[in-house]
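Worksheet: the structure to be examined is printed underneath.
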Amino acid sequence: MSFADDTSEDHGEDHHLPAVEDWPRGFGEASWWPFITAVGAAGIYVAAALWVLGRGEDPMVGSAVGPAAFAGSTLLFLAGVYGWLYHAFVVNFWERGTDEHGGGTLRFAMILFLCSEVATFGAGFVYYFFIRAGTWPPSGLELPDLVGSLVVANTAILVVSSVTLHLGHVALRKGNRTRFLQWLGVTLLLGVVFIAGQVYEYYEFIVHKGFTVTEGAFGSAFYGLTGLHGLHVTLGAVLLGIVFVRGLRGQYSAERHTSVSTASMYWHFVDAVWIFLVVVLYVGATV
């Protein structure tokens, strides 16, 4: 939900579509964008289920239904995120400034969102823990060398990106916009390199080592958790990209940096999840 100046009673010219009335009262502006984003995110999970139902000798749905649902849901999700961020941050920055009106509320909303993300990843880890508690390794499963130089390099890249993002945020709060943009650019570059590294890791596992998502319960757990994390890193890179472009256009200052703070919270979260994932999934599978 986007948060505008709740001291204004005029919802005519200042109001942003698609909402047509202020509801619930006190938030300043109603918005359908969070709902659209949630529907798109839920559709991604439904698409995964449809993909599973479309496999096998006697599929319940067509094999193309799952991928089509995934593509449509992803587009809907990205459209919702764009509308949400644009109305909550971009337009609102020029008109009022989110730090003066609702900055604390937006940070609290990000904390609540991250709590829901903990629950999402937690469900995946519980699934893996049930697998790990049984006979290990599962009969007939040949585990590849999971803890190689690539995962070590990827981990180092993501950890360093959190450091550079923190340095950039500190520079902004000290009023040094040039240094802020430099560190943010480095962070964005490191995020893209990490995503490319994970894609290359998938290529090595699937093509050269024959370790695919169909390799039993562990294969589904491995690709499910790492793929979910990869999607979150990709979304985080998109958020940082938006912040970077806005910074180049003259937004943000030592007093007005709410979206930088919220994007930083998200990026540090995916960094922490990756470290836990490496320890539990990569290292834990080999001991």
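Couple of notes before you dig in:
- Any hit, region 219-227, residues being out of contact with any strand residue (DSSP E or B) (no Cβ under 9 Å at 6 or more places or on another chain), over 19 Å from T155 (Cβ atoms) and open to solvent by 30 Å² or more (accessible area, probe 1.4 Å): yes
- Scanning region 243-256 for residues that are in contact (Cβ under 8 Å) with a residue 40 or more places away in the chain and open to solvent by 60 Å² or more (accessible area, probe 1.4 Å) turns up L248, E255, R256.
- Neighbours by Cβ (under 6 Å, 6+ apart or cross-chain): first from region 201-230, modelled with pLDDT of 85 or more; second of a type in the set (G, A, S) and crowded, with 16+ Cβ neighbours inside 10 Å: G224/G124; L225/G124
- Qualifying positions in region 277-287 - assigned to a helix (DSSP H, G or I) and without any contact (Cβ under 8 Å) to a residue 12 or more places away in the chain: V279
- Filtered by the rule that a residue be modelled with pLDDT of 90 or more and surrounded by fewer than 17 Cβ atoms within 10 Å (Cβ to Cβ), region 231-242 gives T234, G241.
- Qualifying residue in region 133-142 (condition: in a helix (DSSP H, G or I) and either at pLDDT 80 or above or of a type outside the set (D, E, K, R) (or both)): no
- Scanning region 263-282 for residues that are among the β-branched types (V, I, T) and open to solvent by 10 Å² or more (accessible area, probe 1.4 Å) turns up V273, I275, V278, V279, V280.
- Qualifying residue in region 247-255 (condition: in a helix (DSSP H, G or I) and at negative phi): yes
- Residue identified as farther than 30 Å from E142 by Cβ and within 21 Å of the chain's Cα centre (by Cα) among G227, G197, G191, G250: G191
- Output for region 120-132, where each listed residue is open to solvent by less than 70 Å² (accessible area, probe 1.4 Å) and either over 15 Å from G224 (Cα atoms) or in contact with a Gly (Cβ under 8 Å, 6 or more places away or on another chain) (or both): G124, R132
- Identity of the residue in region 202-218, assigned to a helix (DSSP H, G or I) and not hydrophobic (A, V, I, L, M, F, W, C), that ends up surrounded by the most Cβ atoms within 10 Å (Cβ to Cβ): Y202
Table: residues versus (1) open to solvent by 70 Å² or more (accessible area, probe 1.4 Å); (2) under 27 Å from H257 (Cβ atoms); (3) at pLDDT 85 or above.
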site: H15; (1), (2), (3): no, yes, no
site: G54; (1), (2), (3): no, no, no
site: D58; (1), (2), (3): yes, no, no
site: A71; (1), (2), (3): no, no, yes
site: F89; (1), (2), (3): no, yes, no
site: E95; (1), (2), (3): yes, yes, no
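- Residues located in region 145-201, provided they are open to solvent by 40 Å² or more (accessible area, probe 1.4 Å), of a type in the set (A, V, I, L, M, F, W, C) and farther than 16 Å from T234 by Cα: V147, L150, V152, A153, A156, V160, V163, L167, V170, W183
- Counting the residues of region 256-273 that are over 12 Å from the mean Cα position of the chain (by Cα), outside any loop (DSSP other than H, G, I, E, B) and more than 16 Å from L240 (Cα to Cα) gives 1.
- Region 170-205, residues that are in contact with a Gly (Cβ under 9 Å, 6 or more places away or on another chain) and farther than 17 Å from G241 by Cβ: R177, R179, Q198, V199, E201, Y202, E204
The values are calculated or read from the model by the stated rules, or taken from the named source; none is laboratory data. Quantities reported herein were computed from a predicted structural model and do not represent experimental measurements. A quick note on method: Cβ atoms are made from the backbone with ideal geometry, for glycine too, and the neighbour counts reach across all protein chains shown. For accessibility, only protein heavy atoms count, side chains too; no ligands or nucleic acids. Shrake-Rupley method; radii C 1.70, N 1.55, O 1.52, S 1.80 Å.
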